[in-house]
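**Q** Below: one structure in C-alpha cells.
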Amino acid sequence: MTTPLGNSVRADGVDFALFSAHATAVTLCLFSADGREETDRIALSRNGDVWSVFVPGLQAGALYGFRVDGPYAPHDGHRFNANKLLIDPYAKRLHGEIIQHDALYGYDRNSPEEDLSFSTLDSAPYVPKSVVGEPEFDWGGDAKPDTDWADTVIYEAHVKGLTKLHPGVAAGLRGTISALAEPAVIDHLTDLGVTALELLPLQSFTDEPHLPPLGLSNYWGYNPINYFAPHNAYLGPDRDAVQRAVRALHAAGIEVILDVVYNHTAETWHLGPTLSYRGIDNASYYVLAEDRRFYANPTGTGNQLDMRHPRVLELTLESLRYWATEMRVDGFRFDLAPTLLREPHAVNTDGAFIRAVRDDPVLSQLKLIAEPWDIGEGGYQLGQFPKPWAEWNDRYRDTVRSFWRGDDGAHRELAGALLGSAETFDHDNRPSWSSVNFVSAHDGFTLHDTVSYSGKHNHANGEDNRDGHNHNISDNMGVEGPTDDPDITSARRARKQAMLATLILSQGTPMILAGDESGHSQGGNNNAYCQDNATTWLDWSEQDEELRDWTRALIRLRRELPHFRQSEFLHGQPSDNGVPDVQWLRADGDAMTEADWHDPALPCLGLCLTVAGHGSVIVMYNRGSEPVPPLPNLIVQLSTAPLHQRHIPAHSVVVYRSSRPYLTPSEQ
C-alpha cells in the first residue's frame, strides 16, 4: 500500500512521506509545542522517489519540518541544503510565519558568488512549522447553492479589505475569515444581490523580501508558500474559520470562489529563498532555463511550477480537491492560467492540466475561471480556454471605459461587449457566460479612481511610480483626484452609474469589485498589492448610498429579466413575431445604419433585446453631452438620473420595457 504524501495520523502514531527524486537523504525534524526548539531528528527511508517513516506515539498537533540533503549544484538545477528547514508541501496547517532573515537562503547572501555559494545558517527559527493532522469539521446540513452560471453575479473581494473597518463586525474578528460569517457582512452581500464571493488568495503566502524594509507587506497574497494550509493571519482565533464562513455564506445562497496561484511560488528566482519545493527537489518542481541555474519566468515573478511533472500536477490537483471537499468552496479563479498550460514553454489549451481537471469528478463540476494571460511568449489566451471554463475578459473592461470616456469609434467595440464578446468566445459550443465581464478588479484602478485620475499614483509602493500599468483608459473629468466641485462630483457619479449599468446588463458573467458600489478610492494607486492599510480597506463610514442603491437595482433588474441572462450568443435571429433577438438602435429608436456605425463620435447607442414570451427590453447608452428625446409608448424601467420631461439625460443609461416585441418607427 502506497503511503500518502504529507502526514497521516494513525491510532498508534504518524506516517510521514515526502517526494524527492534527486535527494540523497531526508530527515524529519520534530519541534516543541511553541515551535522554537528542535527536539528530534529521524531519518526517512527511500522507496523509489518517495521517502517515508512511521513515528510511533506521535499525535495530531505535533510540529515538524524536513531537511533534505543532496547536491548543491545550481548549474545542474540542484539546490539541496540540509541547513534549511523545509515546509511540507502537503501540510494542512502551519504554525508561525516566515521571518525575513539571511538564513532563509540556500546561498550566502554576502558572497560575491551569489547563489553559487553555500549557506551554513540554520533557517529553522525563521520558517513556519508544519502541523500534524487535518482539521475536522461538522458541516451539518450545509448545501451548496449551485447557482447556474447564467444567474451568477460575482463580487471580488479581499477578506481583510472587506472586513477590517466594518463597524458591524466584532473588533477581534475584523480582517479575518471569521468576519465573512458575520451577519453584517452577509447582509451586505445579500442586499446587493450578488451570488458569488470571489476571494483573493487564502492559501498560505509570504512577503516579497524587498517589502519589509520599506515598511510594506504582501497584501494581495499572490506569493504562495503552501497550497493546503490557510494563511494564518486570516484565521484569527478560529482554526475552523474557513469552514464556518463557507457554511454561513452557503446558507445565505452565496457561493465561494477562491483565487489560487499555482503558476509560481514565493521561492521566486535564482536569488530567492529556500522554503520548501526548491530544497525538496528544485529540478522536479520548477521549469528551468537552458542554463539550469536559472528559471523559466512567464509569470514575471521569478519562477514557473512544472505542470508536466506528474508529482507537481498531483500536488496541484490534490490541493484543489482538498479545498473543494474539505473546505467546500464552489470554484476557483486561476491566476496567470496560461502558465499552467505551458509544456514547457508553448501554451497548450488541451494540455495535461486542462485534461486532468476535465476528467476529475470533483473539479470538473466546479466553477472554473481563468485569468487567460501571462507575460510569456504567446501568453495572451483570451477566448482559448475550453468549455466549461470561464475567463476574465480584460477587453471588455477596456471597451467599456473607452466608450464612456468618449473615445472615437468605441461604440463599435461596445456592441460586441454587450453581447458577451461573441467574436472571442462563440466557438466550440461555449456559452455566453464564458466571458467574465468587469470594469475594475483588484489589479488596476477602482471604478471611482477610473473617473478621478488620469494617471497612476503608486509612489507609496516604493518604486518611484514605475510599477503598475499605464494603459488605464481613465479620465479625471477636470481635476486629478478628490474635489469639492459639485459639477465634477455629479459627473463622476453619473459615469460610475453608467459603467455599472453597462456591466450588469451585458450578456456574460458580471464581476463587481468590492467597494465599487460605494465609491471606494485607492487614491489613484493601480497596483496596491503591498498596501495593507486604509488605501485598500473599505471605509464603511464613507458609503455612497445613492451608488449602492443603483447597483442593487441593477442586479435586481438583471435577475428579473431573462433578456440579460441568456446563455446562447445572440446573432439577430428571429425571436418573437419575426422580431430579431437583438437590434441596434439610434437615439430616435430607429435601426442603426451603416453611416451610424461609422460615425466616430456617435453619442448614443441603443440595444433592443427580445425574448419569446417576454417582450422587448431597450437599453439606451447616451455618452453624449446632450439629452436625447425619449422613446414613445415604452415603460421606463430604470434610469441613471431623473428623466426631465422623459428625456434621456446626457452621460446616462436608460432601460425601457415593452410587453410586446419592439418595432422600430420605420416598421410601425
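The values are calculated or read from the model by the stated rules, or taken from the named source; none is laboratory data. Everything numeric here is computed off the predicted structure, so don't read it as measured data. FYI the Cβ positions are ideal-geometry reconstructions off the backbone, even for glycines, and counts take in every protein chain you see. What goes into the accessible areas is simple: the full protein's heavy atoms, side chains included, and nothing from ligands, DNA or RNA. Shrake-Rupley method; radii C 1.70, N 1.55, O 1.52, S 1.80 Å.
**Q** Name the single residue, out of those in segment 200-210 being within 17 Å of residue 158 (Cβ to Cβ) and out of contact with any Asp or Glu (no Cβ under 7 Å at 6 or more places or on another chain), that is most open to solvent (accessible area, probe 1.4 Å).
**A** 207
**Q** Just to check your reading of the model, which residue among 148, 191 is open to solvent by 40 Å² or more (accessible area, probe 1.4 Å) and over 27 Å from residue 391 (Cβ atoms)?
**A** Just one listed residue meets the conditions, 191.
**Q** Filter segment 526-551 down to the residues that are surrounded by 15 or more Cβ atoms within 10 Å (Cβ to Cβ) and more than 30 Å from residue 224 (Cβ to Cβ) and list them by number.
**A** 543, 544, 547, 548, 550, 551
**Q** Quick one: count up the residues across segment 338-385 that are part of a helix (DSSP H, G or I), surrounded by 18 or more Cβ atoms within 10 Å (Cβ to Cβ) and of a type in the set (D, E, K, R).
**A** Result for segment 338-385: 0.
**Q** Next up: Does segment 406-414 contain any residue that is modelled with pLDDT under 95 and in a loop (DSSP other than H, G, I, E, B)?
**A** The answer is no; no qualifying residue exists.
**Q** On to the next question. For segment 166-181, name all the residues that are open to solvent by less than 60 Å² (accessible area, probe 1.4 Å), assigned to a helix (DSSP H, G or I) and either hydrophobic (A, V, I, L, M, F, W, C) or without any contact (Cβ under 8 Å) to a residue 24 or more places away in the chain (or both).
**A** Listed by number, the residues that qualify are 173, 177, 179, 180, 181.
**Q** Just need a number here: residues in segment 48-80 that are closer than 19 Å to residue 8 by Cβ, among the aliphatic types (A, V, I, L, M) and either open to solvent by 60 Å² or more (accessible area, probe 1.4 Å) or outside any loop (DSSP other than H, G, I, E, B) (or both).
**A** Total meeting the criteria: 5.
**Q** State yes or no: is residue 308 within 28 Å of residue 135 (Cα to Cα) and touching a helix residue (DSSP H, G or I) at 6+ places or on another chain (Cβ under 7 Å)?
**A** no
**Q** Still on this model: Please determine whether any residue of segment 100-107 is assigned to a strand (DSSP E or B) and among the hydroxyl-bearing types (Ser, Thr, Tyr).
**A** No, there is no match, as no residue in segment 100-107 is assigned to a strand (DSSP E or B) and among the hydroxyl-bearing types (Ser, Thr, Tyr).
**Q** Here's something else I'd like to know. Quick test of your reading of the structure: residue 355 fulfils all but one of (1) out of contact with any Leu (no Cβ under 6 Å at 6 or more places or on another chain); (2) in contact (Cβ under 8 Å) with a residue 12 or more places away in the chain; (3) over 30 Å from residue 84 (Cα atoms). Name the failing condition by number.
**A** Single failed check for residue 355: (2).
**Q** Here is a list: 8, 45. Which entry is surrounded by fewer than 17 Cβ atoms within 10 Å (Cβ to Cβ) and at pLDDT 95 or above?
**A** 45
**Q** Mind checking which residues of segment 552-583 are surrounded by fewer than 17 Cβ atoms within 10 Å (Cβ to Cβ) and either in a loop (DSSP other than H, G, I, E, B) or over 26 Å from the mean Cα position of the chain (by Cα) (or both)?
**A** The answer is 560, 562, 567, 568, 571, 572, 573, 574, 577, 578.
**Q** Then there is this: What's the number of the only condition in (1) on the phi > 0 side of the Ramachandran plot; (2) of a type outside the set (A, V, I, L, M, F, W, C); (3) touching a residue at least 40 places away in the same chain (Cβ under 8 Å) that residue 572 fails to meet?
**A** (3)
**Q** Another question about this same structure. Would you check if residue 498 is within 27 Å of residue 371 (Cβ to Cβ), of a type in the set (Gly, Ala, Ser) and assigned to a loop (DSSP other than H, G, I, E, B)?
**A** Answer is no for this residue.
**Q** Would you confirm, using the coordinates I've provided, whether residue 97 is open to solvent by 40 Å² or more (accessible area, probe 1.4 Å) and free of Cβ contacts under 8 Å to residues at least 60 places away in the same chain?
**A** It is false that residue 97 is open to solvent by 40 Å² or more (accessible area, probe 1.4 Å) and free of Cβ contacts under 8 Å to residues at least 60 places away in the same chain.
**Q** In addition: Given the conditions (1) part of a helix (DSSP H, G or I); (2) touching a helix residue (DSSP H, G or I) at 6+ places or on another chain (Cβ under 8 Å); (3) surrounded by fewer than 22 Cβ atoms within 10 Å (Cβ to Cβ), which single one is not true for residue 320?
**A** Residue 320 satisfies all of (1) part of a helix (DSSP H, G or I); (2) touching a helix residue (DSSP H, G or I) at 6+ places or on another chain (Cβ under 8 Å); (3) surrounded by fewer than 22 Cβ atoms within 10 Å (Cβ to Cβ) except (3).
**Q** Only one of (1) of a type outside the set (Gly, Ala, Ser); (2) closer than 19 Å to residue 82 by Cα; (3) open to solvent by 70 Å² or more (accessible area, probe 1.4 Å); (4) in a loop (DSSP other than H, G, I, E, B) is not met by residue 110, so which one is it?
**A** Only one criterion in (1) of a type outside the set (Gly, Ala, Ser); (2) closer than 19 Å to residue 82 by Cα; (3) open to solvent by 70 Å² or more (accessible area, probe 1.4 Å); (4) in a loop (DSSP other than H, G, I, E, B) is unmet by residue 110, namely (2).
**Q** Hey, which of the strands (runs of 3 or more DSSP E) in segment 587-668, taking only ones fully inside, have at least 1 residues that are in contact with a Pro (Cβ under 7 Å, 6 or more places away or on another chain)?
**A** By residue number, 604-611, 615-622.
**Q** Would you mention how many residues in segment 459-481 are in a loop (DSSP other than H, G, I, E, B), farther than 16 Å from residue 404 by Cα and open to solvent by less than 40 Å² (accessible area, probe 1.4 Å)?
**A** Looking only at that region, the number is 4.
**Q** While we're here: Hey, does segment 411-423 have a residue that's open to solvent by less than 10 Å² (accessible area, probe 1.4 Å) and without any contact (Cβ under 8 Å) to a residue 60 or more places away in the chain?
**A** Checked segment 411-423: no residue is open to solvent by less than 10 Å² (accessible area, probe 1.4 Å) and without any contact (Cβ under 8 Å) to a residue 60 or more places away in the chain.
**Q** Ok, one more. Condition first: under 19 Å from the mean Cα position of the chain (by Cα), part of a loop (DSSP other than H, G, I, E, B) and either of a type in the set (S, T, N, Q) or on the phi < 0 side of the Ramachandran plot (or both). Now tell me which residues in segment 218-241 satisfy that.
**A** Answer for segment 218-241, where residues must be under 19 Å from the mean Cα position of the chain (by Cα), part of a loop (DSSP other than H, G, I, E, B) and either of a type in the set (S, T, N, Q) or on the phi < 0 side of the Ramachandran plot (or both): 218, 219, 220, 222, 223, 225, 226, 227, 228, 229, 231.
**Q** Among the residues of segment 158-165, is there at least one that is farther than 29 Å from residue 325 by Cβ, open to solvent by 10 Å² or more (accessible area, probe 1.4 Å) and outside any loop (DSSP other than H, G, I, E, B)?
**A** The answer is no; no qualifying residue exists.
**Q** Looking at 611, 628, 654 in this structure, which one is at pLDDT below 90, among the hydrophobic types (A, V, I, L, M, F, W, C) and open to solvent by less than 60 Å² (accessible area, probe 1.4 Å)?
**A** 628
**Q** Only one of (1) among the hydrophobic types (A, V, I, L, M, F, W, C); (2) touching an Asp or Glu at 6+ places or on another chain (Cβ under 7 Å); (3) without any contact (Cβ under 8 Å) to a residue 60 or more places away in the chain is not met by residue 441, so which one is it?
**A** (3)
**Q** Got at least one residue in segment 489-500 being free of Cβ contacts under 8 Å to residues at least 12 places away in the same chain and either of a type outside the set (Gly, Ala, Ser) or within 20 Å of residue 442 (Cβ to Cβ) (or both)?
**A** Within segment 489-500, one or more residues are free of Cβ contacts under 8 Å to residues at least 12 places away in the same chain and either of a type outside the set (Gly, Ala, Ser) or within 20 Å of residue 442 (Cβ to Cβ) (or both).
**Q** Which of the numbered conditions does residue 519 fail, given that it passes all the others? Conditions: (1) open to solvent by 50 Å² or more (accessible area, probe 1.4 Å); (2) of a type in the set (Gly, Ala, Ser); (3) at pLDDT 95 or above.
**A** Result: residue 519 fails condition (1) only.
**Q** Residue 601 passes all but one of (1) closer than 19 Å to residue 414 by Cα; (2) free of Cβ contacts under 8 Å to residues at least 60 places away in the same chain; (3) among the small types (Gly, Ala, Ser); (4) surrounded by fewer than 16 Cβ atoms within 10 Å (Cβ to Cβ); which number fails?
**A** All conditions pass for residue 601, except number (2).
**Q** Do we have residue 137 as open to solvent by 30 Å² or more (accessible area, probe 1.4 Å), in a loop (DSSP other than H, G, I, E, B) and over 30 Å from residue 253 (Cβ atoms) here?
**A** So residue 137 fails the test.
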